[in-house]
Amino acid sequence: MSKVLTERDDKVFIITINRPEVRNCVDGETASLLEHAWKTFRDDEELYVAILTGAGDKAFCAGADLRNLQTLGPGPNASRHERRRFITSGPGYMGYTRQVDIYKPIIAAVNGFALAGGLELSCLADIRIVEEHAEMGVACRRWNVPLLDGGTQRLPRIIGMGWAMEMIITGRFVSAQDAYRIGLANEIVPKGKSLQRARELAHQLCKLPQGAMRTDKQAALMGYGRPLEEGLRIEAEVGQTVLEGFDIVEGASAFIEKRKPSFKQDT
């Protein structure tokens, strides 16, 4: 059985880390499969929304497989230069976490522990649906393992610097309820229901026109943290690609005429 399972549900692409016996920890093979899955989603025009989850009912992902740490990244015999190149321009130790070129919506169905690199994987998503028994945290703090898959950058953007620094420095786990309170979880669902809810939401998103949704996500990601003037410039440049198309006219006309729009293209 593959360590990463993928499923196409119409225009929804479901990626499942399939190592429940080790709480869905990621080793080198798993990371490579995740990278391939994310690139498939990014490049396939028939896929609109991705869902990331973990197999079983105990863990979304408990981080890197520390027992097989040598399989992650460029390998144990890599030179310092090769290691530096991997960390600065590679895909990421956990698969595709250090890249920022996916502007389609991503949903994380957090069905259990999301720890260390698993927390970082959940932060790759735009929306996190978290089961009521789940816990999230920087568990690698106690083992002197740094966050190298976007955690130091994405977590503060999601929950703010204050909460993020507490989680990063202390390694304290947060419950699903606390995750919702601080903005890390978008929804809390009963145990075993995160994937079902993620599918429902994903199919709702698939019914929306995709062009402006993707450019708005791109502008938000590219502009965050920049001076307002620069962010507004990015918003205008990215959004212009939609304004130049037929679908913006069709959308406005449909609103005025109180009818369902008929878009020529979805992307």
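The values are calculated or read from the model by the stated rules, or taken from the named source; none is laboratory data. Please read these numbers as outputs of a predicted model, since none were measured by experiment. Positions of Cβ are backbone-derived with ideal geometry, glycine not excepted, and every protein chain shown enters the neighbour counts.
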Q. Taking region 115-134, which residues are crowded, with 21+ Cβ neighbours inside 10 Å and within 16 Å of P190 (Cα to Cα)?
A. R128, I129, V130, E131, A134
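Among the candidates Q218, Q210, single out the residue that is touching a residue at least 60 places away in the same chain (Cβ under 8 Å) and under 16 Å from the mean Cα position of the chain (by Cα).
None of the other options fit; the residue is Q218.
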Q: Residue by residue through region 126-152, note down the ones that are farther than 13 Å from F113 by Cα, touching a residue at least 60 places away in the same chain (Cβ under 8 Å) and of a type in the set (D, E, K, R).
A: D126
Q: State the number of residues belonging to region 231-260 that are at pLDDT 75 or above and in contact with a Gly (Cβ under 7 Å, 6 or more places away or on another chain).
A: 4
**Q.** For T170: the one exception among (1) among the hydroxyl-bearing types (S, T, Y); (2) under 23 Å from L33 (Cα atoms); (3) in contact (Cβ under 8 Å) with a residue 24 or more places away in the chain
**A.** (2)
Q.
Quick check on region 171-227: of everything there that is in contact with a Lys or Arg (Cβ under 8 Å, 6 or more places away or on another chain), outside the structural domain of V12 (by TED's automatic domain parsing) and not in a helix (DSSP H, G or I), which residue is nearest to V100 (Cα to Cα)?
A. Y224
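On the phi > 0 side of the Ramachandran plot and either assigned by TED's automatic domain parsing to the domain that holds S175 or touching a strand residue (DSSP E or B) at 6+ places or on another chain (Cβ under 9 Å) (or both): which single residue out of G95, G90, G28 fits that description? Spell out the reasoning first.
On the way: G90 fails: on the phi > 0 side of the Ramachandran plot; G28 fails: on the phi > 0 side of the Ramachandran plot.
Of the residues listed, the single one that is on the phi > 0 side of the Ramachandran plot and either assigned by TED's automatic domain parsing to the domain that holds S175 or touching a strand residue (DSSP E or B) at 6+ places or on another chain (Cβ under 9 Å) (or both) is G95.
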(Q) As an exercise: evaluate E45 against (1) part of a loop (DSSP other than H, G, I, E, B); (2) charged (D, E, K, R); (3) touching a strand residue (DSSP E or B) at 6+ places or on another chain (Cβ under 9 Å) and give the number of the one condition it does not meet. (A) (3)
Q: Give the residue that is surrounded by the most Cβ atoms within 10 Å (Cβ to Cβ), with candidates limited to residues of region 18-70 that are touching a Pro at 6+ places or on another chain (Cβ under 6 Å) and small (G, A, S).
A: A55
